[in-house]
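The values are calculated or read from the model by the stated rules, or taken from the named source; none is laboratory data. Predicted model, so just to flag it, every value in this text is computed and none were measured. Cβ coordinates were reconstructed from backbone atoms using ideal geometry, including for glycine residues, and neighbour counts include every protein chain displayed.
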Amino acid sequence: MSHTDATRAVEAVWRIESARLVGALTRMVGDVGLAEEFAQDALVSALEKWPAEGVPDNPGAWLTTVAKRRVLDRWRRDERFQRRMADLGREIVERDGQAGFDAVLEEDYGDDLLKLMFVCCHPVLSTEARVALTLRLLGGLTTDEIARAFLVPEPTVAQRIVRAKRTLTRRRVAFEVPAGEDRDARLSSVLEVVYLVFNEGYTATSGTDWIRPELCEEAMRLGRVLAGLLPKEREVHGLVALMELHASRFRARVGPDGEPVPLAEQDRSRWDRLLVNRGLKALARALSSGSGEPWGPYTLQAAIAAKHAQAVTPGDTDWAVIAGLYLSLARLTGSPVVEVNRAVAVSMAFGPGPALEIVDALRDRPGMAGYHLLPAVRGDLLLRLDRRDEARAEFHRAAALTRNERERSLLDGRARGCGADT
C-alpha cells in the first residue's frame, strides 16, 4: 500500500472511529482532554505504521489497543497520573461496586458516545466552544477544517477547544448521561449544537458560499447517531426530520453561478425525494414518540418543512396550516425570528397587509436591529403593496446587514427591481 493510500485509510477510519475511541478513553481516564491526547497518540502511531504494515483487519480495535497501551504506559511512569486514576477507580467502586484499574479499562457501558455528546455540549461552555468541541471530538474534524467551515482563524478555533477542555476539567463535568430535569436541559443543549452546525451549512452567515453541504452532512450524521441512541425522544426525531427535509432542497437552492434561489422559485423536481421520504419517516417517528407530550420546537419546524415537501408546486402549499404551526412555535419559543417567518406564511395565506402588521410590531424588539431578514421580509411585503420606494430602502438596509456575499447580491438585485431611486 502506498503512503498516500495508507494516509487516506487512516483519515477515513479516524472519521468513523474517533468519537467512539475518545468516548471509551474518557470513561477510562475521566478527562476528555486527556482522552483526546491518548487518541491522538494512537492516530500518530497509525500514520507511522500502516503505510509499512498495511491497514489492520479491525482498524478500530487496533486504535483502541494502542490507546489503552498509552494509558497504561502513562500510568506506570507518572505518579500524579497514578493518583488520578486511583481516585477514578475509587469513584467507580463506590458507584458501581466494580474494583480495580483493569475494570476501569475493560468495562464497556455501551453508551460512551452518548455521554461524550452530553459532555461536549455541556452548558458550562460557550455556544462557540460547544460547536467547536463537538465537531472536533464527535465529528473527527481537524481545527483547520472547522476554521475553514466557519470562516474563522484556525488559532481561534484551537483556542476555543483548549479552553473548553480546561473548563470541563476545572468544573469536574461528569462523563455520564444526566437524569431528571438536568437531562432535559442537557439534551436541549445537544440538539441546539447539532442544529447550529446544520444551519451554518444550510445558510452560511458569511463568506462567498450560500450553502456548505459538508457541515449539513455532519450535523445530519450526528442527528442520526443521536436518534439511534435515544429512540424514544420525540425532539431528537423531530430534529432529524427537519434536517433531512431541508437538506432535500440543496440542489434547487443554488443557481448555476452559485446564487441563492428562493423557495418559491425552486425547481421542485430537483428536490431529493430520498431525503424527503427519510424526513417524513423521521417526522412520523417523532409524532409517535412522547405519547401525550406537546410538540417541541424541532417537531413543529419539521411539520412545517413537511408541508412544503408535500406540495407539488408552490401553489399547492397549505399556507394557512403553516401559519398556524408558526403561531404555535412562536408561542412556545417567544422568538421574534419565528414571528418573522410567521409573517411570511400569513402573507401567503391572508395577504401582505396583516403580515406587515406582524413585522412592524417586531422592529423595536431586542436583537432585531441587526437581523437582516426583518427588513428583507418587510421589503417584500411593501413591494407587494406597491410601496416601491419604501421597499427599495428596506432591501438596501437588509443588504447592508448581511455578511454573506451571495445573499447581499440577491438583496441588492431585489432593490434594483423596485425601480430607479427617486
Would you confirm whether any residue within segment 75-95 is modelled with pLDDT of 80 or more, part of a helix (DSSP H, G or I) and β-branched (Val, Ile, Thr)?
no
Restricted to segment 176-226 and to residues being crowded, with 21+ Cβ neighbours inside 10 Å and small (Gly, Ala, Ser), the residue modelled with the lowest pLDDT is ALA204
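Residues are listed down the side, and each one gets a yes or a no for (1) touching a Lys or Arg at 6+ places or on another chain (Cβ under 8 Å); (2) at pLDDT 95 or above; (3) not in a loop (DSSP other than H, G, I, E, B):
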| site | (1), (2), (3) |
| --- | --- |
| ALA393 | no, yes, yes |
| ARG397 | no, yes, yes |
| GLY413 | no, no, yes |
| CYS418 | yes, no, no |
Residue that is surrounded by the most Cβ atoms within 10 Å (Cβ to Cβ) [pool: residues in segment 285-307 that are closer than 20 Å to TYR202 by Cα and not hydrophobic (A, V, I, L, M, F, W, C)]:
TYR298
Could you check segment 399-409 and list, in sequence order, the residues that are touching a residue at least 40 places away in the same chain (Cβ under 8 Å), in a helix (DSSP H, G or I) and of a type outside the set (Gly, Ala, Ser)?
GLU405, ARG406, GLU407
When LEU34 is run through (1) at pLDDT 80 or above; (2) more than 22 Å from VAL162 (Cβ to Cβ); (3) surrounded by fewer than 20 Cβ atoms within 10 Å (Cβ to Cβ), the failure sits at (2)
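Here is a yes/no grid of residues against (1) acidic (Asp, Glu); (2) in a loop (DSSP other than H, G, I, E, B); (3) more than 24 Å from VAL22 (Cα to Cα):
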site	(1), (2), (3)
ARG160	no, no, no
ALA164	no, no, no
TYR195	no, no, no
GLY201	no, no, yes
CYS216	no, no, no
ALA227	no, no, no
PRO231	no, yes, no
Of the residues in segment 262-310, those that are over 22 Å from VAL337 (Cβ atoms) and modelled with pLDDT under 90 come to SER289, GLY290, SER291, GLY292, GLU293
Cβ contacts < 6 Å: first residue surrounded by 15 or more Cβ atoms within 10 Å (Cβ to Cβ), restricted to segment 143-156; second residue hydroxyl-bearing (Ser, Thr, Tyr) and not in a helix (DSSP H, G or I), any location; separation 6+ or different chain. Result?
LEU151/SER206
Grab the helices (runs of 4 or more DSSP H) fully contained in segment 321-385, keeping just those with 3 or more residues being touching a Phe, Trp or Tyr at 6+ places or on another chain (Cβ under 9 Å).
336-350, 373-384
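Listed here are the residues, each with its yes/no results for (1) under 23 Å from the mean Cα position of the chain (by Cα); (2) in the same structural domain as PRO352 (by TED's automatic domain parsing); (3) among the acidic types (Asp, Glu); (4) surrounded by 17 or more Cβ atoms within 10 Å (Cβ to Cβ).
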site	(1), (2), (3), (4)
ARG234	yes, no, no, yes
LEU239	yes, no, no, yes
ARG251	yes, no, no, no
PRO256	no, no, no, no
LEU263	yes, no, no, no
TRP271	yes, no, no, yes
LEU283	yes, no, no, yes
